[in-house]
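Remarks on the structure that follows.
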Amino acid sequence: MGKIRNNKLAAKAEVMHHFADGQSIMIGGFNKVGVPGTLVRWLWESGVSDITLIVNNCSNADGGIWYPAAAMIHEGRVSHLKISYTATNTELRQLYEEKKLEVEIIPQGTLAERLRAAGSGIGGFLTTVGLNTQIAEGKEIVRVGGKEYLLELPLKADLALVKASLADTMGNGLCYGTSKNFNPVMAAAAGFTILESEQVVPVGSIGHEHVDVAGIYVDMLVVSEGEEA
Amino acid sequence: MNDIREFIAKNVAALLHDGDLVNLGVGIPTLAANFLPEGVTIFIQAENGLLGCGPKAAPGEENKNLIDAGAAYITCLPGGFTFDSVTSFNIIRGGHLDATVLGALQVDELGNLANWYLPGKLLPGPGGAMDLVSGAKKVIVATEHLAKNGTPKIVRRCTLPLTSAGTVNTIVTDMAVLEKTPQGLRLAAIAADVSLEQLRASTGCEIIIPGGEIPKMIA
């Protein structure tokens, strides 16, 4: 069955059915904006563990929109963390240094591009970002035209949890302001994509030139329960 | 000098040109936006997906979806636009930024920068810093000359994990402006109340002092 469906709206129970132990899960958002806060909370409530979490950042500020994901890290339910900006989580340095959690630090543009590669059928790409730093450890160095590059590989996941401000029932999403960030690219990079939207509108209500998250990448749509930054 | 951070920011702003597209890191670099010369058009890019950053939003007028990379609610100037992370890093890594201004934990005479990890103490992560220092046409480091414990931040070789190797062009501190050259760091300007002896004593590597009168930093 293809992904073009007129109504992808799903209830919480259907979403919970898609969370499982051992999954890799990418979650959209930059700082507190564009984070699918309701899905993050449901994921935490599901009780799953041994999760590979792929995020730009993950603040552990009490009551913040990321808090349920940070709680999963704190509870030892995340086995691998792939992340770019760690400053907002005061617990990560210790977990990283004591190796209680496998943390892969990824430069933000490399993260975006690895996600793009995963969703675009690109087998890898060459970049100078991270050359001669810890980031290069264990990675292949490729010479092209006398210049050195790091070979970076696509980053996929089983599940993507992404956010839009407005979505039609086919899953076409519009993201206001700076809430786009990783949401459009993650939607394409996972085996199963769940879109959370603050508002759901009939198909055709979003101007076709204003779609940020393409409905063809979306498997399931849910309405935000009010989590905000 | 009542505010060292503003003094540094003012001298950073003087290095930017009409028509430049720049990215300003969190902290002192962001302050540089307050000191841009009159009559110039400079656009600021925020790596979370905004080009044409305007002033901070007035209280009560915040748009919950419009933040800069430091999570402050801001505005977008006419001619600016918002975009996703892929586009943002196309701009950054593709060589479309005229300058990037970042802070430092350490910076050395080879133009190496360390600012993402202080083992045992601090793990901010690189965020977009590694991308910025690799992609921007000019890399400006804006930092206090000495670390909080009084040791020099400008050293012969960085001992902390690197953000980039050899990509820093200019260092602006509360004591001096230094330019990286193939021979080492060359003094471009010095603060009015700092002597060469004081500068040397506060710096962990050799500084090349050009002949003639040394320009003073903007007070």
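The values are calculated or read from the model by the stated rules, or taken from the named source; none is laboratory data. Values in this document were obtained by computation on a predicted structure and should not be read as measured data. All Cβ positions, glycine included, derive from the backbone under ideal geometry; neighbour counts span all protein chains shown.
Is the stretch B:60-79 home to any residue that is crowded, with 18+ Cβ neighbours inside 10 Å and closer than 24 Å to A:Ala136 by Cβ?
No, the stretch B:60-79 has no match at all.
Within the stretch B:50-66, is there a residue that is in contact with an Asp or Glu (Cβ under 7 Å, 6 or more places away or on another chain) and without any contact (Cβ under 8 Å) to a residue 24 or more places away in the chain?
yes
Name the pairs whose Cβ atoms lie under 8 Å apart, with the first residue in the stretch A:1-19 and within 11 Å of A:Gly215 (Cα to Cα), the second aromatic (Phe, Trp, Tyr) and surrounded by 13 or more Cβ atoms within 10 Å (Cβ to Cβ), and 6 or more positions between them or separate chains?
Listed by first residue and then by second, the contacts come to A:Lys3/A:Tyr217.
So, in the stretch A:178-224, how many residues would count as being under 17 Å from A:Ile54 (Cβ atoms) and among the small types (Gly, Ala, Ser)?
Number of matching residues: 5.
How about the stretch A:57-164: which strands (runs of 3 or more DSSP E) wholly inside it have at least 3 residues that are free of Cβ contacts under 8 Å to residues at least 60 places away in the same chain and crowded, with 21+ Cβ neighbours inside 10 Å?
A:78-83
Do we have any residue at all in the stretch B:165-172 that's closer than 30 Å to A:Leu95 by Cα, over 14 Å from the mean Cα position of the chain (by Cα) and facing chain A (nearest Cβ under 8 Å)?
Looking for residues that are closer than 30 Å to A:Leu95 by Cα, over 14 Å from the mean Cα position of the chain (by Cα) and facing chain A (nearest Cβ under 8 Å), one finds at least one in the stretch B:165-172, hence yes.
Taking the stretch B:101-135 as the region of interest, how many residues are in a strand (DSSP E or B) and either facing chain A (nearest Cβ under 8 Å) or within 22 Å of A:Glu97 (Cα to Cα) (or both)?
Adding up the residues that qualify gives 5.
Tell me which residues, restricted to the stretch B:82-100, are over 13 Å from B:Val22 (Cα atoms), more than 7 Å from every other protein chain (Cβ to nearest Cβ) and either buried (at least 23 other Cβ atoms within 10 Å of the Cβ) or under 21 Å from the mean Cα position of the chain (by Cα) (or both).
Answer for the stretch B:82-100, where residues must be over 13 Å from B:Val22 (Cα atoms), more than 7 Å from every other protein chain (Cβ to nearest Cβ) and either buried (at least 23 other Cβ atoms within 10 Å of the Cβ) or under 21 Å from the mean Cα position of the chain (by Cα) (or both): B:Asn90, B:Gly94.
If I filter the stretch A:157-170 for residues that are farther than 16 Å from A:Asp219 by Cα and within 15 Å of the chain's Cα centre (by Cα), do I get at least one hit?
no
Are any of the residues in the stretch B:130-140 out of contact with any helix residue (DSSP H, G or I) (no Cβ under 6 Å at 6 or more places or on another chain) and surrounded by fewer than 21 Cβ atoms within 10 Å (Cβ to Cβ)?
yes
Condition check ((1) within 11 Å of chain B (Cβ to nearest Cβ); (2) under 14 Å from the mean Cα position of the chain (by Cα); (3) more than 28 Å from B:Leu50 (Cα to Cα)) across all residues:
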| residue | (1), (2), (3) |
| --- | --- |
| A:Met1 | no, no, yes |
| A:Arg5 | no, no, yes |
| A:Trp44 | no, no, yes |
| A:Ala69 | no, yes, no |
| A:Thr90 | yes, no, no |
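Mind listing whichever residues of the stretch A:165-186 are away from chain B (no Cβ under 13 Å) and crowded, with 23+ Cβ neighbours inside 10 Å?
A:Ala167, A:Asp168, A:Gly171, A:Asn172
Looking at the stretch B:122-132, is at least one residue modelled with pLDDT under 95 and more than 29 Å from A:Phe125 (Cβ to Cβ)?
yes
Would you mention how many residues in the stretch B:1-41 are hydrophobic (A, V, I, L, M, F, W, C), buried (at least 16 other Cβ atoms within 10 Å of the Cβ) and either over 18 Å from the mean Cα position of the chain (by Cα) or under 19 Å from B:Phe83 (Cα atoms) (or both)?
Total satisfying the criteria: 3.
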